[in-house]
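The values are calculated or read from the model by the stated rules, or taken from the named source; none is laboratory data. As the structure is a computational prediction, the values presented were derived from the model and not from experiment. Note: ideal-geometry Cβ built from the backbone for every residue, glycine included; neighbour counts use all protein chains shown. All accessible areas refer to the heavy atoms of the entire protein, side chains included, with ligands and DNA or RNA removed. Shrake-Rupley method; radii C 1.70, N 1.55, O 1.52, S 1.80 Å.
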Amino acid sequence: MAVNFPNSPSNGDSFTSSGILFTYNSTDGTWASNISGTNGITEIDQWRLTADLTSDADPVSSNLSRVDDASFSKLGTGMSVNTGVWSFPSTGLWKVSMNVSCYFTVADLAIRCIIQISSDSGSNWDNTADFKCGETEYRSFGHGAGETFVNVTNVSTIKLRFSFTSISSGNQIIGESDRSVTYFSFMRLGDSQ
């Protein structure tokens, strides 16, 4: 992309070319843009389940909170959630991960953990990651993890949700408000494809 910069600019002068804002710095005589690199990782966010789930949640719609540890800070706008349906803040290729901790008090094959994506504003859902957190013995802990990549081409129509099913009575997904035990991570890797 060839850019025709204005002649005789003053410090702080700016102009836009092809949607990119350029600002002039008279100290070193350069124009700086409002983008960096290849427009890659511009969003990182993480949320946690803040209380135990003892029954199916399809989708998980309560006891969700953005991680608030002193060592964490989201990058960019961050994700938003409304009644269990998540919205992406910007288009791009996103990596979505779910890490789940379970506790079993009765023998069970597994708790089903699902990441679902909708491309039609939530009318239909595709299971893009489907895994189990499980144990066959009671009074034990289990862990499961899954991830998916989402090509977000339209933030209005592409939605996300997490679900837990097949939770037998006495078993649970573990949630904690002060640390990430069951948590959800989001990273924008680059531009949409």
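Counting only residues that are at pLDDT 95 or above and on the phi > 0 side of the Ramachandran plot, the stretch 144-190 holds 0 of them. Restrict the check to the stretch 84-95 and report whether at least one residue is touching a strand residue (DSSP E or B) at 6+ places or on another chain (Cβ under 9 Å), charged (D, E, K, R) and open to solvent by 40 Å² or more (accessible area, probe 1.4 Å). Within the stretch 84-95, one or more residues are touching a strand residue (DSSP E or B) at 6+ places or on another chain (Cβ under 9 Å), charged (D, E, K, R) and open to solvent by 40 Å² or more (accessible area, probe 1.4 Å).
Put simply, of 121, 62 the only residue that is touching a Lys or Arg at 6+ places or on another chain (Cβ under 7 Å), assigned to a loop (DSSP other than H, G, I, E, B) and without any contact (Cβ under 8 Å) to a residue 40 or more places away in the chain is 121.
Return the residues of the stretch 96-114 that are in contact with a Lys or Arg (Cβ under 8 Å, 6 or more places away or on another chain) and not in a loop (DSSP other than H, G, I, E, B); say none if nothing qualifies. Hits for the stretch 96-114 are 104, 109, 110, 111, 112, 113. Among the residues of the stretch 88-96, some residue qualifies, meaning at least one is among the charged types (D, E, K, R) and under 15 Å from residue 183 (Cβ atoms).
Screening 106, 67 for residues that are among the β-branched types (Val, Ile, Thr) and more than 16 Å from residue 176 (Cα to Cα) leaves exactly one candidate, 106.
Going through the stretch 50-103 one residue at a time, which ones are among the charged types (D, E, K, R) and closer than 20 Å to residue 157 by Cβ? Can you show your working first?
Initial filter on the stretch 50-103 (among the charged types (D, E, K, R)): 52, 56, 58, 66, 68-69, 74, 95.
The one that is among the charged types (D, E, K, R) and closer than 20 Å to residue 157 by Cβ: 95.
Within the stretch 65-77, being hydroxyl-bearing (Ser, Thr, Tyr) and either assigned to a loop (DSSP other than H, G, I, E, B) or open to solvent by 50 Å² or more (accessible area, probe 1.4 Å) (or both) holds for 71, 73, 77.
When the residues of the stretch 126-177 are filtered to those that are touching a residue at least 60 places away in the same chain (Cβ under 8 Å), part of a loop (DSSP other than H, G, I, E, B) and touching a Phe, Trp or Tyr at 6+ places or on another chain (Cβ under 6 Å), the one that is surrounded by the most Cβ atoms within 10 Å (Cβ to Cβ) is 171.
Filtering 127, 151 for residues that are closer than 22 Å to residue 75 by Cβ and of a type in the set (S, T, N, Q) leaves a single hit, 151.
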